[in-house]
Every structure is written in C-alpha cells, then in structure tokens.
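Below you'll find the structure, written out as structure tokens, and then a few comments.
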Amino acid sequence: MSTFYCPPPFWRCRSIFLLSLGIAFIAAGIGFFETHAESREVKQVVQQKPRLNMPDLIELSKRKVSCCSAEPTSSLAEHILAPEAETYKLTATYFTLGDNLSTTLMLNNKGAEPIFAVPTVYSLSGTRLNLAPISVPATSYIDVDMHELLAGAADEFREGSMKIAYTGISQQLGAQVRMTDAANSLIWAEQFVYASKFISSRLETLWWLPFQNSETKVVVSNTSGGTVTATLTVEGTSPAQSSPMQITLAPWETRVLDILRDIAGRQNGYVHDKGGISIIHSGTPGAVLARMFIAKSDKGYSAANNFIDPEATASQGWHGNGLRFRNLNGQKLTPVIAARNTGNQPSQITGRIIYTQPNGDVATINLPQQTLGAGVTKVIELDKVIDNANVPGSVQYGGIELEYDTASGSVATSVQSVSKNGNHVFQVPMIDPQKMPASAGGFPWKVDGDFRTVIYIKNETDLPRTYIAHLVHAEGQYSTGIKSIKPHQTIGIDFRELRDSQTPGSMGKLIPQHINNGQIAWSVKGGEDRVLSARSEQISVADGLASTYSCGNCCPDSVYQTSILPSFTQMLFGESTSFAAQQTDITCASG
C-alpha cells in the first residue's frame, strides 16, 4: 500500500514507493529521510522555514543566490528568518467599463500568506487614481468587479491603463483584466506583465481577421513618468499607409487608435484579413506597451493580440501548447497559423503539430514548408492538414512547434482555433523555447455553470520528463501524483472531469462535488528547469467564451522534508514489513 500526504498550504508531495525494512533503515542512516516525523507534526510546521539536513548547513555557509531573487543569502540566520520580499509592479495596457461590458480584475496569489495588491488606475489622459489595497488570500485567487472598484471615481477613470504593486516574492502575484460582453459572446483578456521583460524600444504584432469589416483597435500606453514619442507603421490596409504615424504620449497617457483611420491615416478603405504593425518609441524598454483588440459582434468573434519585443527573443522558433482541434462538445474547430516576417530577408518556416493518440502514443504531423518574404504576413489554415493526417475524432488538442531560418525575433506568429460560427476563439500563446519561464506555476480554477478550466502541460525537450499537479480548494487538496510526459507531448488536465467522475487522487482523496473554484498548481520534477511549459484555459461552451492565462513561479518546487511512514513499528525476529518513503516539497512562493 502506498501513502501520499500533502499538508496545506501549497505544499507539494512526491509519489510514495514501498521499501523493505533494511532499505528504509539504510536511507534513514544517511540523513535522507526523517523516520520519526508523524504527518500531524508536518502540519504544525507548515508556516516555518524548511528543516535543514547537514548538507544544507554546509551549503548555507557559502553565499548563494536564491532562485527568486538576485539578492544573495549570506548566512544560515538570514536563510531561516528573512523572506526574500521585494516590491514588484505589474502593468496592463488597457481596460474599459463600456456599455454592456463586465470588466473583472483577477488577482492570483500563489504564496502561502495573504498579500496586498495595490492598484493604481490611469485615465486615458494619464491622470492617476490611487486605490485602496486589496487583500488576496493565500494560495487562492479573487475576481474584483471593476465597476464596483471604480464606483466612486470620476468618469474619466472608466477607461485607461492600470498597475498593480505588491510586496512579496518574485512572480508571487499574477493579475489579469477581462472585459466580457456576454450577450455577444465577446471576451478580451489581458494578462498583466512585468515591464522589465522588455529589452528594446521596438514592438511588433500581427493579425488575422476571419470576417470582413471587423473592428480593429490598437491601444498604445505610456507606462512611464516621462513624455515619449512612438512611431507606428502598419502593413495591411487599402489604401496603404503613406508614411509612418508619430504620436507623443504624456506621462501615463493611453491612446486608442483605429487602424485604418488613425494609423494608416485613411478615412475610406478597408483593413485586409492579415497584416502587421511595428512600433518604435523613444522611451526606455517597457516604457510603452501596446495591445490590439479585434471584434466582430454579429459573429461573436473577439481576440486580443499582444505585441512582442523581437530583441528579447533567443531562438529561431515559437512553441505553443493546447492547440485545439475540437471544442469541449466535440465540434470541429479551424486552427490557423498567422506568421509575419518583420525582417529584411526572406524566411523559410517549418513546423509540426504533435498530439497524443488514444493509445497513448505521440504522433507528429509535419507542416509544409512556407517561404515568407520580407515584410509579408501569411495565413495557414490547419484543418485540412489535420484531416489528411487522420487524427481521431476523440483527440481534442495537441502542441505546435514552428521554426524559421532567419535571425531570432525576425518572425512573429499568432495561433488560434475558431469555431465555424466564429463565437468561440481559442488563442494559443506562443513562447520562445529558449526564453521559457520556470517549469512551475499556479492558475485559478473556475468551474461554475458550464465553465471548465483545462491546464495544458507540454514537454519542450527530446527526453521524457515528470511533473506533478495539484488542486488546492477550500476543503483541502487533490493531487495527481507524479506523472510522466513523453518528449514534445502535450497533456491536458481537467479537474472538473476528475471531480464529476469522483476519480481518486494519488492519496485516494476525492474532490467534493460542490467545490467549484480553487487554485491549480504544478511543477516539473527531476531537477531540471525550463523543460516544460504550461498554461490554463477557461472555457464556457454555452456562452461561447474562452480565455487563456499563464502564471509561472520563479523556480520549480524544492524539497521541504523527507520521512518514513510508519515512524515506529515492532516486529519479531524473522518477520518483515514495508515502509513508505515520503518527500514533501515547497514552492518558492511559500517562503
């Protein structure tokens, strides 16, 4: 019999294996297991720093850098008593409390202690409004109605940009603003970013419009306290832009621009079904952020496209997980790749779709090579490619990997799957495989109504890997235990499905059927970081809504303590028994 125990909050446990009595005592003799630690004693030290074995004491005598902070830990006392707390700021480009919109601020605390999120709102003109701190409970998320949050504010604060400040561990808090028009099945979700991730003053994006006469807006926001100038160049309008558009942004100012009228400078004409926008600004990296918003209300189509900093890339490729072939109800979708060459040389693009067959084998669909001329945007619909590969109808999703042969950052991509009627849009965030965040993180879990939250985990390497995933809810925890993932495989975890089917977790626990929210946590196992990517996707088939969210930790989980269960037994000479070896892990946000 195996045993699994995971004390809250936010602790991670490895799957348990059985040991013979002799092996168990050998392990205990080298200080690798705590043989006398009862599980109830573990609960009592949840809020304390990890216990330290002799090798740990030796290492702590050296100066070392924490995975969550650039500040070195110089002594054992500092390691035990001083949490690595700093002040961090996250930024969102745009929000609006427009008519028929439900605008929500989601705050996701992955730490073991409550945290105060301090919001600051800026009007379009840059006027500042400081709001009261919002308390976010430990290892949980909250949704804040921004109509209520700004109920007493002047009308000018019904539209603008936003910052969130907090004091804690790096990447402990995640945030997202969601604007939803439920009546028309429209949703735009923007995840707050750390402006420090930008290293240049250049931004690039692209678009694909499945429907003519879609509304296209570009938001350009000055996130700094100084005046900046931004130059915008657009490709993909008729008539074409005659010369780049230049705007001056006052401190904290935000501009909402129509692509045809404002950026291209054309009163009459149309926006092509594909194109791109380049921005160069005079501020420091991260001083200007931009976002593109697309809507076709009568079709229920909506999308929010981010801008990348091409100088911040390291590889000649883009990877994505959770590329959907079918909706949750089995209806076929149209997956589409849009790629834009932002460089001055033609680029050859190759790619593959990787999916898991019903028998568990991993299959690959190689995509036809594409030549992308300098400054050209191309769209590739993948539904026929998938059909020709005879992908079984039971397979709903996979992963996608694209490579190109020009300089890193010279090709930008956008990937999405769209329903036939247009009202369901599944956007796939594409990541640079050489600039991945840590292979660990936490996501909100929401399953009220017909909502589902699916977490996708993808192996980005050529070797098998292992991971662990948890659901932390109001009445306890549920864990998958340690699972294997094959090279380049994408797996999906639907905790609602596990709840509804009453599938036991690794410890035999069930998710209570009345639980409909919580926090998902995951981490790679095995000692190597930046080998797995993950994100979550919230889907409502009935409302025609889908949004994606990804929030990484600063490093994977680490060992908190080990133990042997049971801690004591009596036997007669010649008898034998089995012991369970247990390892309890801690996240970097739990310090």
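The values are calculated or read from the model by the stated rules, or taken from the named source; none is laboratory data. Predicted model, so just to flag it, every value in this text is computed and none were measured. Counting neighbours? That spans all protein chains shown, and the Cβs are built from the backbone with ideal geometry, glycine included. For accessibility, only protein heavy atoms count, side chains too; no ligands or nucleic acids. Shrake-Rupley method; radii C 1.70, N 1.55, O 1.52, S 1.80 Å.
A residue that is farther than 26 Å from residue 402 by Cα and at pLDDT below 95 occurs somewhere in the range 526-535.
Could you tell me whether any residue of the range 237-250 is open to solvent by 20 Å² or more (accessible area, probe 1.4 Å), touching a residue at least 60 places away in the same chain (Cβ under 8 Å) and within 29 Å of the chain's Cα centre (by Cα)? No, every residue in the range 237-250 fails to be open to solvent by 20 Å² or more (accessible area, probe 1.4 Å), touching a residue at least 60 places away in the same chain (Cβ under 8 Å) and within 29 Å of the chain's Cα centre (by Cα).
Just to be sure, is residue 330 touching a Gly at 6+ places or on another chain (Cβ under 8 Å), more than 30 Å from residue 222 (Cβ to Cβ) and not in a strand (DSSP E or B)? For residue 330, the condition - touching a Gly at 6+ places or on another chain (Cβ under 8 Å), more than 30 Å from residue 222 (Cβ to Cβ) and not in a strand (DSSP E or B) - is met.
In the range 163-197, what residues are over 18 Å from residue 438 (Cα atoms), in a strand (DSSP E or B), polar (S, T, N, Q) and open to solvent by 30 Å² or more (accessible area, probe 1.4 Å)? The one that is over 18 Å from residue 438 (Cα atoms), in a strand (DSSP E or B), polar (S, T, N, Q) and open to solvent by 30 Å² or more (accessible area, probe 1.4 Å): 167.
Looking across the range 198-213, the residues that are of a type in the set (A, V, I, L, M) and not in a strand (DSSP E or B) come down to 199, 209. Checked against (1) more than 17 Å from the chain's Cα centre (by Cα); (2) at pLDDT below 95, residue 171 passes all but a single condition, namely (1). Quick one: would you say residue 394 is of a type in the set (S, T, N, Q), over 22 Å from residue 345 (Cβ atoms) and in contact (Cβ under 8 Å) with a residue 12 or more places away in the chain? Here the answer is yes, as residue 394 does meet what is asked. Of the residues making up the range 271-295, those that are part of a strand (DSSP E or B), more than 22 Å from residue 179 (Cα to Cα) and open to solvent by less than 40 Å² (accessible area, probe 1.4 Å) number 7. With respect to the conditions (1) charged (D, E, K, R); (2) under 28 Å from the mean Cα position of the chain (by Cα); (3) farther than 28 Å from residue 353 by Cα; (4) open to solvent by 40 Å² or more (accessible area, probe 1.4 Å), residue 311 lacks only one, and its number is (3).
Scan the range 346-374 and report the pairs whose first residue is charged (D, E, K, R) and whose second residue is part of a strand (DSSP E or B) and open to solvent by 30 Å² or more (accessible area, probe 1.4 Å), with Cβ atoms within less than 8 Å and a gap of 6+ or a chain change. Correct list of pairs: 352/364; 352/366.
Hydrophobic (A, V, I, L, M, F, W, C), over 26 Å from residue 475 (Cβ atoms) and without any contact (Cβ under 8 Å) to a residue 60 or more places away in the chain: which single residue out of 146, 179 fits that description?
Details: 179 fails: without any contact (Cβ under 8 Å) to a residue 60 or more places away in the chain.
After applying the criteria, what remains is 146.
Scanning the range 296-308 for residues being surrounded by 19 or more Cβ atoms within 10 Å (Cβ to Cβ), small (Gly, Ala, Ser) and either on the phi < 0 side of the Ramachandran plot or part of a strand (DSSP E or B) (or both) gives a total of 3. Those strands (runs of 3 or more DSSP E) of the range 334-447 in which 2 or more residues are open to solvent by less than 20 Å² (accessible area, probe 1.4 Å), touching a Pro at 6+ places or on another chain (Cβ under 8 Å) and of a type in the set (A, V, I, L, M, F, W, C) occupy 411-419. Could you pull out the residue among 214, 221, 200 that is open to solvent by less than 30 Å² (accessible area, probe 1.4 Å) and out of contact with any strand residue (DSSP E or B) (no Cβ under 6 Å at 6 or more places or on another chain)? Of the residues listed, the single one that is open to solvent by less than 30 Å² (accessible area, probe 1.4 Å) and out of contact with any strand residue (DSSP E or B) (no Cβ under 6 Å at 6 or more places or on another chain) is 200. Annotation: residue 492 fulfils all but one of (1) at pLDDT below 95; (2) closer than 24 Å to residue 139 by Cβ; the unmet one is (1). Taking the criterion of being in a loop (DSSP other than H, G, I, E, B) and not charged (D, E, K, R), the only residue of the range 113-123 that qualifies is 114. Against the conditions (1) in contact with an Asp or Glu (Cβ under 6 Å, 6 or more places away or on another chain); (2) part of a loop (DSSP other than H, G, I, E, B); (3) farther than 22 Å from residue 320 by Cβ, residue 563 satisfies every one except (2). Return the only residue of 98, 160 being assigned to a loop (DSSP other than H, G, I, E, B), open to solvent by less than 30 Å² (accessible area, probe 1.4 Å), touching a residue at least 60 places away in the same chain (Cβ under 8 Å) and not aliphatic (A, V, I, L, M). So the residue among 98, 160 that is assigned to a loop (DSSP other than H, G, I, E, B), open to solvent by less than 30 Å² (accessible area, probe 1.4 Å), touching a residue at least 60 places away in the same chain (Cβ under 8 Å) and not aliphatic (A, V, I, L, M) is 98. Only one entry in 295, 250, 290, 303 is touching a strand residue (DSSP E or B) at 6+ places or on another chain (Cβ under 9 Å), within 25 Å of residue 399 (Cα to Cα) and either at pLDDT 95 or above or not aromatic (Phe, Trp, Tyr) (or both), namely 303.
Being among the aliphatic types (A, V, I, L, M) and in a loop (DSSP other than H, G, I, E, B) is the filter here, so list the residues in the range 124-157 that pass it. I'd like the intermediate steps shown before the answer.
Of all residues in the range 124-157, those among the aliphatic types (A, V, I, L, M) come to 124, 129, 131-132, 134, 136, 138, 142, 144, 146, 149-151, 153-154.
Matches in the range 124-157: 124, 131, 132, 138, 150, 151, 153, 154.
Of all residues in the range 251-270, exactly one satisfies the criterion of being surrounded by 14 or more Cβ atoms within 10 Å (Cβ to Cβ), in a loop (DSSP other than H, G, I, E, B) and touching a helix residue (DSSP H, G or I) at 6+ places or on another chain (Cβ under 9 Å), namely 266.
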